[in-house]
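Let me begin by presenting the structure, written as structure tokens, before commenting on it.
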Amino acid sequence: MPTITSPFPDRQTLTRGLSAVFNDNGDSRGPLTVVRREPAPHVTSFPCEIVRGRFEDGSTVELFCKYANGGGACSHGQRGGVDYEIEVYRHVLQSSQASTPTFYGTYADRKAGSTWLILEYMKRSMAVGKVSDPAAMRQAAWWSARFHAEQEGWLASRSRPKLRVYDAAYYRGWARRTARYARDWHQRFPWLRPLCKRLEEQLCALAEHPRTIIHGEYYPHNILFQRGAVRPVDWETAAIAPGEIDLATLTDGWARKVRRELEAEYVRTRWPKGPPPHFDGTVDLARIYVQLRWLGDQPEWTNEKGSLWRFQQLR
């Protein structure tokens, strides 16, 4: 029988790697011993686990460890891998004033050919969409507005980090992919093909609008709420693009009243003197992009019955 290789390092390798990470950070608590490992509470694109460690001085730490063995890129360049996310933490989030998980560092397991991302484990946190207090979603809108304003200024004053940039070809590709993948829907929706053709050009306007650094998939399940603070995770989709895209993903699938409330919170925070004249049009284009982004991702997703509501939203 073929040998099944675990995506997780063995305890000895894990102990050695984590000790190296904290040693590189100048931590003076001594070597770290792994005392407990458990599955991560939510699914991600890569193997993850929660690790509790104890230092030589008796202090403890709880870590979120994500592992990657190469790869990570997907369909149309919208998502990087763990190596890409590491660069986001190093060159964007560490210097940001926004609340995010503590980045402890990385480790290269040369024997297994894998890269580890080591973050703070956010104990007793919950995705904002599942928090009973509606203020959590408003705070998510507030967080994104503050982050976008900060990063827009950062991009204007410094050299750009090595992040993907959403250009005209990127947006055009999603309209083309949706038209190509929607083989089972064209007869039911005769408007779809001509609409996608028109959107190939109309969506390109997003490439001309003011840009900042965005999360890229700022959905409620990627936004954790911990002790009253919003802390987004899973930054593999970070990019340079209009901030309205994060607003569109945050409100995707929510009722119109909720969307309007969150848009108002975003505008008050990012532009206290009022939004730019193109804001409403940019949000509309961003919402269209979000639908195409999912309908044009994988053919099996495009043609499943669960995608019907996205075609309705698109129209």
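The values are calculated or read from the model by the stated rules, or taken from the named source; none is laboratory data. Because the structure is predicted, anything quoted here is derived from the model rather than measured. A quick note on method: Cβ atoms are made from the backbone with ideal geometry, for glycine too, and the neighbour counts reach across all protein chains shown. In case anyone asks, the SASA skips ligands and DNA or RNA and just uses the protein heavy atoms, side chains included. Shrake-Rupley method; radii C 1.70, N 1.55, O 1.52, S 1.80 Å.
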Cα to Cα, under 27 Å, and not fewer than 8 places away if on the same chain: which lysines meet these conditions relative to residue 197?
-> 305
Could you tell me the accessible area of residue 221 in Å² (1.4 Å probe, neighbours in place), rounded to the nearest ten?
-> 120
Return the lysines within reach of residue 66: Cα separation strictly under 24 angstrom, same-chain partners fewer than 8 residues apart disregarded; answer none if there are no such residues.
-> 111, 123, 130, 162
D (µm²/s, integer) via Stokes-Einstein for the chain, Kirkwood Rh across alpha-carbon pairs, 25 °C, 0.890 mPa s: value 116
Charge dipole of the chain about the Cα centre (unit charges at C-beta), most positive-ward option of 226, 136, 157 | 136
Cα-centred dipole magnitude for the stretch 33-137, charges only on beta-carbon of K, R (+1) and D, E (-1), debye, nearest 20 = 200
Connecting every pair of Cα atoms under 10 Å apart in the chain and solving the GNM, the largest mean-square fluctuation among 58, 228, 81 falls on 58
Electrostatic dipole magnitude of the stretch 136-216 [Cβ: Lys, Arg +1; Asp, Glu -1; Cα centre; debye, to 20] = 320
Based on the Cα gyration tensor of the stretch 227-315, what are the three equivalent ellipsoid semi-axes, each the root of five times an eigenvalue, rounded to whole Å and given largest first?
-> 25, 16, 14
If amide H atoms are modeled at 1.01 Å from N in the peptide plane, then the residues at a separation of 5 or more from residue 32, or on another chain, having amide H under 5 Å from its own are 19
Magnitude of the Cβ-charge dipole of the stretch 195-268, K/R +1 and D/E -1, about the Cα centre, nearest 20 debye?
-> 320
For helix 11-24, what angle does its Cα long axis make with the longest principal axis of the chain, in degrees from 0 to 90 and rounded to 10?
-> 80
Starting from the stretch 204-274, pick out the chymotrypsin sites (Phe, Trp or Tyr not before Pro) whose DSSP state is loop and whose Cβ has at most 16 other Cβ atoms within 10 Å.
-> 254
For the stretch 121-162, what is the convex hull (Cα atoms) projected area averaged across all directions, in square nanometres?
-> 4.4
Which order do 82, 258 take by accessible area at a 1.4 Å probe, largest first?
-> 258, 82
In degrees, nearest ten, helix 135-157 long axis to first principal axis of the chain (Cα) = 90
Report, to the nearest 10°, how far helix 168-181 tilts away from the longest principal axis of the Cα atoms in the chain, using its own Cα long axis and a range of 0 to 90°.
-> 80
Within the chain, percent of DSSP bridges classed antiparallel, to nearest 5 = 95
The stretch 79-217: percent of C-alpha pairs farther apart than 27 Å?
-> 45
Mean shadow of the stretch 186-275, computed from the convex hull of its alpha carbons, in nm²?
-> 8.2
